[in-house]
Structure formats: C-alpha cells, structure tokens
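This is the structure I have questions about; it appears just below.
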Amino acid sequence: MSKIETIEAVILDIPTIRGHVLSMATMRTQSAVVVRLRFSDGSEGLGEGTTIGGISYCPESPESIVSVIESYIAPALIGRDGDRLNEAVQLMAKSVKGNFIAKSAVEIALWDGLGKRLGVPVSKLFGGAVRSRLPAAWTLASGNSDTDIAEAQEMIAAGRHNIFKLKIGKRAVRDDVAHVARIKAALGDTASVRVDVNQAWSLQEARWGLKGLQEVGCELVEQPVAARDVQGMTELTAGYEIAVMADEVLNGPEEALQVAATRSADVLSVKVAQSGGLKRASEVISIGEAAGLGLYGGTMLETGLGTAAALQLFSTVQDLTWGTELFGPLLLVEDILAEPLVYKDFHVEIPQAAGIGVSLDPDKIEKFRRNGSKVIRATGAG
Ligand code: MUC
Ligand code: MG
C-alpha cells in the first residue's frame, strides 16, 4: 500500500515571451498550478492544472484550482491507497462536481506516482506508446499580422513548427479573414494554417467567417461559436468543407458522446485538463475514434510538466489526425523542468523516464512562486 500522505499545490506566475492575444483575454503571464503528492513508501507524484487568461476561458481559475484541492480533494484522498488509482479518482468525482482542471492536476500526480513506483512511463499504463515523437503546432497570437508572419517564418526556418494556429475573434470577421489570408499567402504550402475563435462569433458571423476562411486556404476552425450552441456547430460542420473542431464544449467523454451524436464537429481537441484527467481524456479519444471523428492533442498552455503528462497519453493514440499543439513551455520565458522537453524537426519528443517522465527544477519553482502562495500541506482523516 502506498498511502497518500500529503498533497501540496502552488501557483507559479511565469511571464510569456510576448503578449498572447486571444478573443477573451491577452496573456502576459501564465499562472500554473503545480501539485505534488507524497506517498507513505517515500514515492512522489507530480501534476499540473492550468487554465488560460485567469477565469476568462472557463469557470476555473488558478485560485479556485488550489482552493478546491486544499479544501475538498485533499481531505477526501489523504490516507487512501495511491496504488488503487481508480478508487481515488472515483472518490474525487464523488466529492467534487465539475472542477475538471483541479481533479486533473491530482489525477496526473496519481499516475506519475504509480508509474514511478512501477518503474514505467505512464504511456505503458495506457497500453504502450506507438510513437516516440509528435508534431507540435505553434499559436500565432501577437495581435499583428506582420509580427505573426515574421514569427512563423522564423519557426519554419528553425525547424520548430510548420503548423500554425491563429487566434482570431477579437476583430470584425472581415478583418480576421483578411489577417488569415495574409498569413496563409505569405507562408504558402510550407505550412498548415488553422484558426481558433474561442467561441467569439455569433452563428451568423460564423457563416461569413467559415466561408471566407476556407476560400483563403485555412484548413480548420476551432470552436467558432459558443460551446452551448450545439445546433449551430452542427450546421457549420455540415455546411462547409473546412474542418470544424470542438474545444471548450468538451469536458470529457459525456460531451464527446454528444458531439458524436449530433455531428457537431469534425475534430475533437482532446485536452487532459479540460477532460478531467488522463483517463477521461483517453475516453474522449475512444469515443472520437469510434465515431470516426478527427483527433487533435490540445493544450491549456501548461508548463513542461502538464505537457509531458499529455505527451504520455497522446503517444499511445493510433491516429492523432491533426497532430498536437503541445508548445506550452515554449511560450514561457523559462520552463520549470530540470531537463527541458526536446522540440526539433517540427516535433516534440516523448519523455521516456518513469511516470510522466520529467522532474522539476526547484530554483524555478521558488523563482516563479506567487507572492504569498504557500506550499499547502493538507492533512485529513484517512
Ligand atoms: C485554446 O483555446 O485552444 C491553445 C493554444 C493556445 O494558444 O491557446 C490555447 C487555448
Ligand atoms: Mg481552443
């Protein structure tokens, strides 16, 4: 038995390399919640739960993630057997509704601990990796077309990325389409260009948007309308050739099933945090595969820690049709890993060590720890 003895959660505020302009917020800092579980046999597990733009992306915030872990998840889990991972995950689900990112952070740490105790990478616990690296897209979101073009050209020349996701939805639809057209024309066939609207368009705006985007050679549009507008997403998916991807609507297998049943997307953006953990994300993948939908490895712009966890799962997927966007650590001025993830030849490599395969640099944790953000040593009844 490997009893869960302590659960610590800390917020790190890490500046981004440039402003990241999204339809709902401009990020200049990423606030990541890092979780550490300690077990009675001396083993440890690390996890991360991160959202985007404070609380503007979804109902969870860095502060709520810490508070839910401290006040509700830790008391429910402390004293439980970390080797009985499913039991711990079911207990979390029973004690906490929603709050998928908080639960995911702890669930990742449970998998990391289990993998380390067994001496195998987490990918093995999901049946084994089928590849050792994955394509990684980069997001162009400087807010300026010329800057975005220069940035994309540098990325291509450096062999880092040749798939680009453009963040749009802040300007008028016509201006956004012109912005995408300029970038696609400058990059030509050397790159794949996609967009993410982050729910900003009405259905009527989206009809114009999708028509314009497919005419200028954009391949995919992510969450063009509100997550709750299932009917609108179904109409857009059927009405245009451009691929439509579901993102914010997906909080795990339940919504994946709804997307499949309503044909309200061509592609699922699988996000570990948004799904509520690695296991639920794997269920989203299975539903997508069974329904014949395309799959994409999404990100919540995690540090190298959360990114490594996602890599473990995504490395086991047979056909990740649209690749991944696991570039989170590269958007940060400094990552927090002892050994950074390796990005080369337009791919990111899957860490091979036990657990999620990475360890933290303690100096970086100290450097970016939010002022007044204490290390939580939660205790509770066993
Ligand atoms: C999102 O909505 O997909 C992913 C990449 C990026 O730049 O923002 C995220 C969030
Ligand atoms: Mg998105």
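With labels modelled as points extended 7 Å from the Cα through the Cβ direction, what inter-label distance (nm, one decimal) is found for residue 29 paired with residue 228?
3.1
So how do 237-249, 94-106, 263-275 stack up, highest first, on mean other-Cβ count within 10 Å?
Ranking, from highest mean packing down: 263-275, 94-106, 237-249.
Going Cα to Cα from residue 184, which lysines come in below 17 Å? Please leave out same-chain ones fewer than 8 positions away.
165, 167, 211
Compute the FRET efficiency between residue 178 and residue 150 as 1/(1 + (r/R0)^6), taking r as their Cβ-Cβ distance and R0 = 22 Å, and round to the nearest 0.05.
0.80
Determine the distance separating the Cα centre of the stretch 289-312 from the Cα centre of the stretch 1-74; give it in Å without decimals.
What the calculation gives is 17 Å, centre to centre.
Taking the Cα of residue 86, stepping 7 Å toward and past its beta carbon, and measuring to each backbone N in the stretch 120-134: which are under 15 Å?
From the stretch 120-134, the list is 125-127.
I'd like the distance separating the alpha-carbon centroids of the stretch 153-177 and the stretch 101-138, in whole Å.
So the separation of the two Cα centres works out to 29 Å.
Using 0.36 nm per residue, how much length does the chain from residue 55 to residue 130 gain when fully extended, once their Cα-Cα distance is taken away?
Contour length minus the Cα-Cα distance gives 23.4 nm.
Net charge around residue 102, counting only other residues with Cβ within less than 10 Å of its Cβ (Lys, Arg = +1; Asp, Glu = -1)?
Spelling it out: positives minus negatives among the neighbours equals -2.
Can you classify the chain as rounded, prolate or oblate using the Cα gyration tensor, where a ≥ b ≥ c are the square roots of its eigenvalues, rounded means a/c under 1.5, and otherwise it's prolate if a/b beats b/c and oblate if not?
prolate
Cβ neighbours within 10 Å, averaged per peptide: list 64-70, 285-291 in order, most packed at the top.
64-70, 285-291
Now a separate question. Based on the Cβ-Cβ distance from residue 95 to residue 1, what FRET efficiency comes out when R0 is 25 Å, to the nearest 0.05?
Computed FRET efficiency for residue 95 and residue 1 comes out at 0.75.
I want to check the label-to-label distance for residue 215 and residue 16. Put each point 7 Å from Cα in the C-beta direction and report it in nm to one decimal.
Here the modelled spin labels are 3.0 nm apart.
For every other residue with a beta carbon closer than 11 angstrom to the beta carbon of residue 210, add +1 if it is Lys or Arg and -1 if Asp or Glu, then tell me the sum.
In short, -2.
Also, I was wondering about something else. Using 7 Å Cα-to-Cβ label points, what is the residue 203/residue 44 separation (nm, one decimal)?
Distance between the two pseudo-spin positions: 5.2 nm.
Work out the FRET efficiency for residue 319 and residue 370 from their Cβ-Cβ distance, taking R0 = 35 Å, and round it to the nearest 0.05.
0.30
Here's something else I'd like to know. Given only helices, namely DSSP H runs of n ≥ 4 each adding -39500 (n - 2.57), what is the per-residue ellipticity at 222 nm of the chain, to the nearest 500 deg cm²/dmol?
Counting only the DSSP helices, I get -11000 deg cm²/dmol.
Let me ask you something else. Below 10 angstrom from the Cβ of residue 91, what's the summed charge of the other residues (Lys, Arg +1; Asp, Glu -1)?
Net charge in that neighbourhood comes out at +2.
Each value in this text was obtained by applying a stated rule to the coordinates, not by laboratory testing. Just so it is clear, the model here is predicted, and its values are computed rather than measured. All Cβ positions, even for glycine, are placed from backbone atoms using ideal geometry, and neighbour counts span all protein chains on display.
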